[in-house]
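Heads up, the thing below is written out as structure tokens.
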Amino acid sequence: MPRRAARAKAPTVGIVSLGCPKALVDSERILTTLRSEGYAISGSYDGADVVIVNTCGFLDSARAESLEAIGEAIGENGRVIVTGCLGKDAALIRDAHPEVLAVTGPHQYEAVVAAVHAAVPPLHDPYVDLVPPQGIRLTPRHYAYLKISEGCDNRCTFCIIPALRGDLKSRPAAAVLREAEKLVAAGVRELLVISQDTSAYGLDIAYAESAWRGAPVAARFLDIARALGTLGAWVRLHYVYPYPHVDQVIPLMAAGSVLPYLDIPFQHASPRILKAMRRPAHQERTLARLARWRAECPDLAIRSTFIVGFPGETEADFALLLDWLAEAALDRVGCFKYEAVEGAKANELADPVPEAVKEERWQRFMQAQAAISARTLAAKIGRTIPVIVDAVDGAKATARSQADAPEIDGLVHLTRAKGLSPGDILDVVVQKADAYDLHAVPVEAHRAAR
Ligand code: SF4
């Protein structure tokens, strides 16, 4: 008997598993998770608090059998959660059986387990429940990373992440949103959305809908950004590629529900090098797209990373990159010298760039960007901008503007900041700028000094 069940009657789950061995393994995984949380497994309908029907949708006959099994479980027990291959066709299931509590697709273990939690909560366990609901985090209390997917379907030639982590695997939207809710309830004021390719979110699960706050939310870049924007925290989007559908998120930024910040790893600007890198969206007309985004959302900050010295990069390619950088006037930029990572396809390309040339190009790149950054930041002097406080030291504080992600971007150094605490969000007046950081005072202190 599990420890929980020894103290009180364990919540009990039944399962009807249809279909192929892959579906059977899915059922085993679901049951293993639930068992480890203290649920008991019932072999009959009437002993179960809720029944999971793991369906098959491969052939018409299998679909009919699945619908029939759902009907039987509803008739015998009444509380039914549907998962598996037929779960991809939620409308069909709900049309036939509107009483089902939840519908999730294949391999959506997190979503099934969450639906079981919603239907029959696990018993309180003082050992496991010592872990806070938002999990154990290594970031400060006021910001948190929110991973929406794992793996990547792209095959950039310098990268071995797909070999290490596999193809894109998106989390159900409801699972992401529930985690975000818990984080906000625990005091997080800024959510940093991460993945390998945020704009591709949901592609692998056909943008499946899952229920959050009583309504379906699609696992889609725009929908998840919109839903996260309702939680009252800053929402910052990382690792976005400039696909056309990213245009749709700009109005959310202009309206203030998502931070006007996009982290887009461009990596280069020369079409020849981008093609050799096999970068996603390398054929997009990015400068025109950036101009349109900025026209729509003038405060939009764009952060990016670049690689110099990629195999075959000529002086002409590099000059093109510097010209592009001058025109793009990105707000925040990181630059790396190409490294031949073991196992990366790019290592087989001809004409490796000598280390001394990489170094020289990196220096020129950084100088060019420092001048762009200094100009961009100087234009903010005198403006009132919102910041989030990271650390306080007496009357001084270190904060970040909406254009600055933690660890990778710049800072806003505050003076006359007595009484502030980490996580506070307040308006400040920018007084000074250097190449990467701003210096400011809180609006109140600024007014008092006038
Ligand atoms: S660089 Fe990014 S987009 Fe390209 S393969 Fe690696 S993880 Fe995917």
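Only the coordinates and a few stated rules stand behind these numbers; no lab work does. Fair warning: this is a prediction, and the values are worked out from it, not measured in the lab. A quick note on method: Cβ atoms are made from the backbone with ideal geometry, for glycine too, and the neighbour counts reach across all protein chains shown.
Figures for the structure shown
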item	result
Net charge dipole size for the stretch 384-448 [Lys, Arg +1 and Asp, Glu -1 on Cβ; Debye, nearest 20]	340
Ile381 versus Ala448: modelled label distance in nm, points set 7 Å from Cα along the beta carbon direction	2.5
Links that overshoot a 29 Å alpha carbon limit, given the list Lys88/Lys147; Lys337/Lys396; Lys275/Lys358; Lys380/Lys418; Lys147/Lys337; Lys358/Lys380	Lys337/Lys396; Lys358/Lys380
Least to most buried among Leu24, Leu183, Leu231 (fewest other Cβ within 10 Å first)	Leu24, Leu231, Leu183
Cleavage-rule hits, trypsin sites (Lys or Arg not before Pro), the stretch 285-341, DSSP coil, Cβ neighbours within 10 Å at most 16	Arg285
Net lengthening on full extension, Arg141/Asp95 (0.36 nm per residue, minus Cα-Cα)	12.1 nm
Asp351-Glu296 FRET efficiency (beta carbon distance; Förster radius 41 Å; 0.05 resolution)	0.50
Ranked list, fewest to most other Cβ atoms within 10 Å of each Cβ, for Asp351, Asp437	Asp351, Asp437
Length added when fully stretched, Thr415-Lys169, from 0.36 nm per residue minus Cα-Cα	84.1 nm
Residue range of the chain that is longest and free of GluC sites (Glu not before Pro) which are both DSSP loop and sparsely packed (at most 16 other C-beta within 10 Å)	100-283
Where no second cysteine Cβ lies under 4.7 Å, the cysteines concerned in the chain	Cys20, Cys56, Cys85, Cys152, Cys297, Cys335
For the chain, calculated [θ]222 nm from helices alone, where every DSSP H run of n ≥ 4 adds -39500 (n - 2.57)	-10000 deg cm²/dmol
Percent of beta bridges antiparallel (DSSP, the chain, rounded to nearest 5)	40
Neighbour net charge for Cys56 - beta-carbon separation under 14 angstrom, K R +1, D E -1	-2
Antiparallel content of DSSP bridges confined to the stretch 3-119, in %, to 5	0
